[in-house]
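What follows is calculated from the coordinates using simple rules that are stated; it is not laboratory data. Note that the coordinates shown come from a computational prediction; the quantities given were computed from them, not determined experimentally. Here the Cβ is made from the backbone with ideal geometry for all residues, glycine too, and neighbour counts use every protein chain on show.
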Amino acid sequence: MDWTETIARVIHLDTFSSIWYWMTVIVSWAVASHWLIGVPFDLLFRARKCEPQEIADLEAIVDVNVRRFTGLTDSAGPLLLGFITFVLVGLGMGGFYYGSEMAQGLFILGATLTIVIIQNARVAHELRASPLAGPALVSRLFRMRVWSQIIGMIAIFFTAMYGMWFNLDALYLF
């Protein structure tokens, strides 16, 4: 076995049976649930104690990131929505119509992460319209994190079930 064959075996494009795909899924969801509107969870966790400096830091970072998110969605929102839709439709067609396993895996990951991105943008617009401060802000961001984690758990469960079905179907066990 030469080195090109070794590399091909390590980096193969079989999505649902590849350790690389599952590592990408895990890391993607860990990052998505750690960063809420660009605010790291550890800052939110420290602000939960209601220390004045921690609350002030949280409010400052939330203010900056809310302006950043809403500015981006206000100026380039339709363009971003069109691009994301184009990519997801392309992956969906490539995966489910043409049978590409890699496209199926990327579609499932991308579609579910898009839900969390939309949630982040929606909460950013809510906070711009009616800003929260102190414990109310901490509570709102904790609720947002819980929903992000619920979406992530459902997405990972669905991906695992679909991946198992796909692999069993590929072995002609169904």
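At 0.36 nm per residue, minus the direct Cα-Cα distance, what do R68 and I115 gain on full extension? Give it in nm, one decimal, please. Numbers along the way, then the final one.
Numbers: separation 47, 0.36 × 47 = 16.92 nm, distance 1.89 nm.
Gain in length upon complete extension: 15.0 nm.
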- Message: If I build a Gaussian network model for the chain, linking alpha-carbon pairs within less than 10 angstrom, which residue out of Q104, Q53, Q149 has the largest mean-square fluctuation?
- Response: Q53
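With 24 Å as the cut-off, how large is the P(r) tail for the range 1-94, expressed as percent of Cα-Cα pairs? Each step should come with its number before you reach the end.
On the way: 2272 of 4371 pairs.
Value for the range 1-94: 52 percent of Cα pairs lie more than 24 Å apart.
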- Message: Given the -39500 (n - 2.57) contribution per DSSP H run of 4+ residues, what per-residue ellipticity at 222 nm results for the chain, rounded to the nearest 500 deg cm²/dmol?
- Response: -27500 deg cm²/dmol
- Task: Using a cut-off of under 13 Å, list every residue of the range 23-44 whose amide N is near the label point 7 Å from the Cα of I84 along the Cα-to-beta-carbon line.
- Result: 37
- Per residue, how big is the convex hull around the C-alpha atoms of the range 63-124? Give it to me in cubic angstrom, could you? 66 Å³
- Stretch M153-F45 to full length: gain in nm at 0.36 nm per residue minus the Cα-Cα span? 36.8 nm
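Place a +1 charge on the Cβ of each Lys and Arg in the range 19-88 and a -1 charge on the Cβ of each Asp and Glu, then give the dipole magnitude about the Cα centre in debye, rounded to the nearest 20.
Values: 5 positive and 7 negative charges, 34 e Å.
Magnitude of the dipole: close to 160 debye.
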- Query: In the Gaussian network model of the chain, springs joining C-alpha atoms below 10 Å, which of F41, F142, F83 carries the largest mean-square fluctuation?
  - Reply: F83
- Message: Which residue, F158, M102, S18, has the largest displacement toward the positive end of the dipole of the chain when charges sit on each Cβ (Lys, Arg +1; Asp, Glu -1)?
- Response: F158
- In square nanometres, what is the average projected area of the Cα convex hull of the range 77-174? 7.4 nm²
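Report the gain in length on full extension from F96 to W20: 0.36 nm times residue separation, minus Cα-Cα distance, nm rounded to one decimal.
Numbers: separation 76, 0.36 × 76 = 27.36 nm, distance 2.11 nm.
Computed gain between F96 and W20 is 25.3 nm.
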- Query: Regarding the chain, what is the average projected area of its C-alpha convex hull, in nm²?
  - Reply: 13.2 nm²
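Starting with the fewest neighbours, write out S33, S130, S75, S100 ranked by other beta-carbon atoms found within 10 Å of each beta-carbon. Write out the running numbers ahead of the final one.
On the way: S33 20, S130 6, S75 10, S100 17.
Ascending Cβ contact count within 10 Å gives the list S130, S75, S100, S33.
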- Message: For the range 1-105, what does the relative contact order come out to in percent, with C-alpha contacts under 8 Å and a separation of six or more?
- Response: 27 percent
- Assigning unit charges at the beta carbon (Lys, Arg +1; Asp, Glu -1) and nothing else, what dipole magnitude in debye, to the nearest 20, does the chain show about its Cα centre? 580 debye
- Task: Choose one of G82, A56, L36: the residue whose Cα lies farthest towards the positive end of the charge dipole of the chain (beta-carbon charges +1 Lys, Arg; -1 Asp, Glu; about the Cα centre).
- Result: A56
- Quick one: among T159, T73, T24, which has the greatest mean-square fluctuation in a GNM of the chain with alpha-carbon springs under 10 angstrom? T24
